[in-house]
Each structure stands twice: as structure tokens, then as C-alpha cells.
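Working notes, beginning with the structure itself.
The values are calculated or read from the model by the stated rules, or taken from the named source; none is laboratory data. Values in this document were obtained by computation on a predicted structure and should not be read as measured data. Neighbour counts run over all protein chains shown; Cβ positions are idealised from the backbone, glycine included.
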Amino acid sequence: MANANVLASEQLEESQLVTFYLGNEEFGFDIMSVQEIIRQPTLSRIPMAPEYVEGIANLRGTVLPIIDTRTRFGMKREADTDHTRVLVVDVDGVKTGLRVDRVRQVTRITRGDIEASPAVIKNGMSTDYLQGVVKLEQGKRIIMSLSPAAICKIESKGALNQAIQSSHLELAGASETKTAKSGDSSDQTLAQLVSFKLGDEEFAFPMERVREILRVQRPNEVPDTPKHFLGILTVRGNILPVIDLRLLLNLSDMAGDVESLAQNAYDTYARWLTAMPSYVEESGNHTALVQGAEALRTWVAAFATSSELLMGTLGAIRLANDKVLRAIQQLQTCNNREARLANCKQEVEPHAQEALRQMLTFKQQVRECIREDQRLIVVQTGSALLALLVDQVKEVLTVPTRLIDPPPQLGSQKNLEIQGVARLNDGKRLIMLLDSDHLVEGQTKEALKKAGALGTVVEAAGLDLKHAQESASSLGERQFVTFQLADGEYGIPINEIQEIDRSSRMTRIPKSAEHVDGITNLRGEVVPVINARKRFNLPMKETDERTRVIIIDVDGKKTGLLVDSVREVLNLATKDIAPPPATISSAIDQQYISGIGKVDSGKRMIVLLNVTKVVES
């Protein structure tokens, strides 16, 4: 299993930035200093305050000074937009709001990504405000990491502090008056929510349940689990179960939805192109002539994605379609029917066919690329963490609890996943609040147990590796991960397995043993991979979607074992494990076998491997 010292070292090497924009420049604060993110609140102006102090606001009874970060940096003050946000930062227990143009995301960085601050930064921003410059994506993305303490240090405090103190009394008095008048203190109770999209619907978790938001990474699969259970992911030493929230809630998957939209756009455009000759006949019908191209232009413009590959294909579609529109304009200058038809055939159709080809390419790329737009919300459930895959994280909201209705109830059945519905904008915007504690029922809880058996720590399932091994031992059982190889089924003790991964590209090592396929990169660690079929002199087989690499840890050394497919986590009673017979019909050498597992009264036989022997040179 993973070395604790290595994990601790990795954790120290990593941190997270809440990143935001001022103009076209990207900045960031360490996530530990950011308390919350809010929309621009109603402000009370403070006389004699520094120019960069916008005023003060009432944040749930706390007086919050608001600093315009642009003005603080000597930049031109801009008007508020729908994207304007205020970052509430905490410096030594004192909260201050920092107004920014828009928030981008939470970005994970390593120590190696940070360089010392240059002597001077453009726009007159002093390096006193800078903690370092972060370079990501091979230097294509630059983030200036800021010091909250330096930015929040207000030089002229006298009038401001006096105003804050007096305003605090006024705000407190106003709050008490309002509560007294309402006769119901619950009117003043506020809930903070992190909202996100699944398809066309908006959902949210209470802010206190959300631990962080991550970009999507490919998880390691856990065998024999439901479709919505995508696998496990290692994040700074924590093992997180990853769940597709769409599939868990019985919604269609995001890639399928986008593919369907792309197919509809393709079909509509193709029908319009087929009907083009008849529109050409009606020379005066300009609307019909351009309707297909205009519809496609609207569709392309409305599709937002962070995938460079998809954006490139959308750009190719837009370029071809613009050429179609220009060709149609030329076509309308033709004086006779024959010339218009010829122009349509020679100029319009080739560009339209190119647009169609690019649309098919787009559809083929969607499933591979759409995860770049999705995010993982890490939420607390019970005493464990879950990483939930969502389409898009929207914003952090502060909502009066009086606007949150009880969950809907259908007949006698209560929807346990929904703990309430927030009604915003006079009921025009509805947000369903999810109860994270009820997301791990039934099959999902069983999947979490399997993840726990694979070395994760999933307390919500009541099981970690040590507990699982102790429990199995107390019951006279041993745990194995079983896998398929040719026509046989084999097992490896679970305590010797680090993780299970898909087969990825390998680098061949010159003059290595025949059974070693090469080396692979496992999150920065070089791991040799043994082909189990070659090791055991079995007929070779091409890898496919089911092929897996089992990462084995023997005495702290990791080795991958390439197998046909992984089946399940299996408990075997010690009485059902027989020693290997003296004569074995299997093609596998007896030295590699530690025993034979008998399942269903011997109807199913599993060859249990001696891992130390298997990975020896």
C-alpha cells in the first residue's frame, strides 16, 4: 500500500488557489484564506476612506469592508457585471471583501509551479502584494499568487474604523428591529449553497458540506460495481470514491446529451442542404435559403466548452458555414435559374458538405473531451468524502431559509436525496438541494464497500482496509481480487494490491525479459508492467476495453500485472483454500501458485497466485 511518508510529502508539495480575473490577467489566493464567494452586496459608503475602499456591507450581522481590487492595483475601475464577485478573505480573524471581475475556478498547484515574484509587475502593482508567479500548461497560463494580508491592509484606518463601529451598531439595531417586526427570527436565517447544473436542472449542496471542487481526472475502476460508480481517485493522500451524479439520479449521461444535440444539428443541416435546390428555384425566398446556415451559426455560438479540441472543431464548422452564407449571397446575384443552380452546386454545396464532415467529427470527439467541462464536487457524507461528477459548478449563493421549501413528496414516497427546493427570482429559478447523506444507499453503499476493500478509506461504508482485513481474519476469511486470464480465473491477496488501472501506453525497455511489456507512468512514478499471459506461457491476445493493469506492491516496490479483465473482490474462508496439488494441469508453473480457492462447493475454482514469485525477474 502507499507509503505514508510519500503521501505526506506530496501533500506538502501541493496547494490550491482560488483564481479570478482582473481584466485579462489571472490572479489567485490560497484557498485557506478564502472564506466564501458572494455577489456584489449593497454598500454603505465611508467618508474619508481610501479610494480603493468601496464601502462596507452587512454580511449576516458582520460588517464587511469591501476593497475594489482593481483600484487597489492602480487599474481603471470597471462597472459591475453579472460576473462580478466579492471574495471574502480572512486575515488573522478579520474578514475583508475583495471585489473582482470574475472568478475562474479552484486550481491545484505544486511547489514546482511557483516562481519568485519579478521586480515589477505591469499596471503598477507592487510586488508587495505578490507571493509568487505560478506557471501552468508549459507557461501558457500565468497566475499571480497574491498576499491577502498585504492587499487587505488599509492605510488610513481612523475614519474607516469609526464608521465600521457606528455602522455595526446601526446594522445590529436594524437587524433586531427587523426581527422584532417580523415576529419570526427564521425570516433572518440564511443558508449558503454551492449550486451546479445537471442537464437543464440546477442543484445545490449546503456550503458546509462542500470541501473542494476539482477538475475531472480519470479514476481507477473498482470491479463489479454499478454504472454510476466510476472508481476511486487519489487526491493528496485521500482516496475518494467517484460517482457520476447524473447516472446516480437516473438522468442521461452528459456525453450522450451533447451527442444527441450534435446529431440533431447535423440532421437539420443535412435536410436543409437537400432542400436547397427547391429554395434556389424560389429566388425571392431569402429566408428559406439561409435558414439552415443561420440555425447552425446560432448552435455553434451557443455551445460553450473549455476543450481546445472541441473548440477547434467548432471553429472549423463556423468557418465552413460562413463560406456557405457568403456563397448564398453571391448566388442571389445570378440572373437566371440555371446560373443559380450551377452556383449552388459549385459553391454552396462543397462548403456545406465540409461543415457536415466537421459536425460528424465533433460528435465523435464529444465523449473523449466533454469531461474537460465537467467538475468533481467533493462533499462530506457521514464521516467520509465523495467526489461527485457534475456538468458545471455555477456559484455560491446566500439564500434566506424562508425561500427553501420542504422536499417534494409523491404519494407516500419521500424523495430522500432531495432535502429541499430553493425558490429564487419569484419562483422562476428553482434549485434542488441534495442530501449528501442519502446518496450512499443500496448499490452505492455496496460499491463503497468494494472501494474500501481495495485500500480506500470510506468510513460511510464502515470499512477501511485494516478493518476489512481484521474482520476477514476474525471470521476465518481472506480477501482476494479475482481476474480473468484466458479460460482461467485467478486471485491475488487484496493487501498486496495498490490499485487497478486501465491499460495505457508503455515504453519498451531494451534487453528486458520477454514477459515485461515495458514501463508506464503512474502519476509521476515509473512502474514496470508484466504481461501475465507471457509470464505464464499462455497464448497472446490483443488488449481491449476490458484489459486492466493490477498494480501490486511487494516490499514497497510497485509492479503492474497486465490481465484480461478484473472480476470482483472475493472473501474466501480459509477452509475453502486448498494447497496446490503436486501435478497441475494448468499451464502456469507451480511455483507461482499459493493455493486453489473453491467457490460454490468447488463448482468454481480460482488459482491463487504467489505474487512475490510472479514479479520476480
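Table: residues versus (1) within 20 Å of residue 370 (Cα to Cα); (2) surrounded by fewer than 16 Cβ atoms within 10 Å (Cβ to Cβ); (3) under 43 Å from the mean Cα position of the chain (by Cα).
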residue: 290; (1), (2), (3): no, no, yes
residue: 297; (1), (2), (3): no, no, yes
residue: 302; (1), (2), (3): yes, yes, yes
residue: 330; (1), (2), (3): no, yes, no
For region 293-305, check the following and say yes or no: at least one residue is farther than 30 Å from residue 338 by Cβ and of a type in the set (Phe, Trp, Tyr). yes
Considering residues that are of a type outside the set (A, V, I, L, M, F, W, C), touching a Gly at 6+ places or on another chain (Cβ under 8 Å) and closer than 21 Å to residue 398 by Cβ, the number found within region 55-85 is 1
Is it the case that region 351-369 has a residue that's under 33 Å from the mean Cα position of the chain (by Cα), under 30 Å from residue 438 (Cβ atoms) and at pLDDT below 85? no
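Matching residues to (1) closer than 30 Å to residue 394 by Cα; (2) in a helix (DSSP H, G or I); (3) at pLDDT 90 or above:
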{"position": "260", "(1), (2), (3)": "yes, yes, yes"}
{"position": "295", "(1), (2), (3)": "yes, yes, yes"}
{"position": "306", "(1), (2), (3)": "yes, no, no"}
{"position": "309", "(1), (2), (3)": "yes, yes, no"}
{"position": "328", "(1), (2), (3)": "no, yes, no"}
{"position": "342", "(1), (2), (3)": "no, yes, no"}
{"position": "347", "(1), (2), (3)": "no, yes, no"}
List the number of the failed condition for residue 335; all other conditions in (1) crowded, with 18+ Cβ neighbours inside 10 Å; (2) outside any helix (DSSP H, G or I) hold. (1)
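When you scan region 181-252 for strands (runs of 3 or more DSSP E) that lie fully inside it, which ones turn up with 2 or more residues that are among the basic types (Lys, Arg) and either more than 23 Å from residue 14 (Cβ to Cβ) or at pLDDT below 85 (or both)?
Values: elements: 190-198, 201-206, 210-215, 229-235, 238-244.
Correct list: 210-215.
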Looking only at region 97-136, how many residues end up being charged (D, E, K, R), at pLDDT 80 or above and not in a helix (DSSP H, G or I)? 6
Among the numbered conditions (1) within 18 Å of the chain's Cα centre (by Cα); (2) modelled with pLDDT of 85 or more, tell me where residue 402 comes up short. (1)
Out of all the residues in region 350-369, which are surrounded by 16 or more Cβ atoms within 10 Å (Cβ to Cβ), closer than 16 Å to residue 307 by Cα and in contact (Cβ under 8 Å) with a residue 60 or more places away in the chain? 359, 362, 363, 366, 369
Among what's in region 426-452 and is more than 16 Å from residue 385 (Cβ to Cβ) and among the aliphatic types (A, V, I, L, M), pick the residue that is modelled with the highest pLDDT. 433
Can you name the residue in region 88-114 that is without any contact (Cβ under 8 Å) to a residue 60 or more places away in the chain and surrounded by fewer than 16 Cβ atoms within 10 Å (Cβ to Cβ) and is also nearest to the chain's Cα centre (by Cα) among such residues? 90
Please work out which residue is surrounded by the most Cβ atoms within 10 Å (Cβ to Cβ), limiting yourself to region 558-578 and to residues that are of a type in the set (A, V, I, L, M, F, W, C) and in contact with a Pro (Cβ under 8 Å, 6 or more places away or on another chain). 569
